[in-house]
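Read the structure below first, then the notes.
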């Protein structure tokens with residue numbers, strides 16, 4: 001299939017052609033949006049909404065318990081709607097803990113320590129309602145549970161993977177990235193429980209990221225290729241092939257999805273200018289990122305392969321150049337996008 005058509009369909013499914021009506025709707029559509037950079041994650045979802053919510057308005061969604069953040073997949077922090085948190089964490093828990101096993105042993109984190117930590121944290125949050133990471137570390141230290149050398153962070157991550165806690169409201173004094181921990185059972189009133197979690201992840205991934213391969217979906221979900229192929233079989237005729245990638249693997253979309261409708265459109269769609277923040281799903285949500293960036297741009301986006309992705313301008317569905325905080329575009333749309341991103345990433 002023509003690359004331009006695939007990019008148009010992918011921008012459509014990613015809500016970068018026609019945004020959702022609100023950030024909350026955008027978040028539900030995207031399933032889980034990578035956000036170890038919390039400011040970038042909030043910006044990435046907000047720019048997929050026509051409501052033009054400010055960072056403060058997006059923060060209200062966390063304060064109201066509609067959005068949460070946790071280690072939902074690949075051992076990485078993602079934003080999702082609260083109703084999806086529990087089943088997403090359960091789906092990834094085993095593989096994430098298995099990959100972290102050596103590190104946990106090195107930090108002397110075993111079942112006994114985890115149970116003790118869970119009891120201390122649960123008691124404290126039942127009384128306080130919410131607490132910062134530093135606050136929880138102080139509580140643990142008072143109970144003789146060491147938190148230095150990243151031990152405390154790994155303990156909190158294990159408790160999040162066990163479904164005890166998640167990141168919820170932004171405290172009043174926070175300037176940019178602080179977020180308090182809460183008890184999942186206290187904070188979230190309603191939980192979705194899909195009958196086949198991996199099939200549901202695949203369905204919603206392809207609805208929000210398609211056209212994409214099963215290999216892309218396995219990368220996103222942090223699952224094996226074999227497991228995602230089984231999930232694809234469970235979806236059956238809901239999957240529609242949209243051509244092949246360079247490996248010869250099928251690009252899949254969900255029947256009736258935004259991407260599918262875009263591919264069915266006879267005329268070519270004009271792809272709008274967009275400014276993508278670090279770790280944006282349009283770039284990071286795929287095992288193969290060659291569609292979105294050539295090799296030279298890929299090296300600029302991830303310099304030195306240090307794990308820190310840089311923001312960039314998207315033109316005609318492809319990465320065109322890195323964003324420069326000191327160089328505001330002169331055109332109206334570019335200037336507006338530049339300022340909006342600054343508003344989300346600047347402490348105030």
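Residue check: residue 256 meets all listed conditions (1) in contact (Cβ under 8 Å) with a residue 12 or more places away in the chain; (2) assigned to a loop (DSSP other than H, G, I, E, B) but one, namely (1). With respect to the stated conditions, residue 146 is in the same structural domain as residue 43 (by TED's automatic domain parsing), part of a loop (DSSP other than H, G, I, E, B) and at pLDDT 95 or above. Across the stretch 196-213, the qualifying residues are those that are free of Cβ contacts under 8 Å to residues at least 40 places away in the same chain and surrounded by fewer than 20 Cβ atoms within 10 Å (Cβ to Cβ), and the one among them that is nearest to residue 14 (Cα to Cα) is 199. Restricted to helices (runs of 4 or more DSSP H) entirely inside the stretch 1-92, those with at least 2 residues that are free of Cβ contacts under 8 Å to residues at least 40 places away in the same chain are 23-30, 55-63.
The values are calculated or read from the model by the stated rules, or taken from the named source; none is laboratory data. Everything quoted here is computed from the prediction, not taken from an experiment. Here the Cβ is made from the backbone with ideal geometry for all residues, glycine too, and neighbour counts use every protein chain on show.
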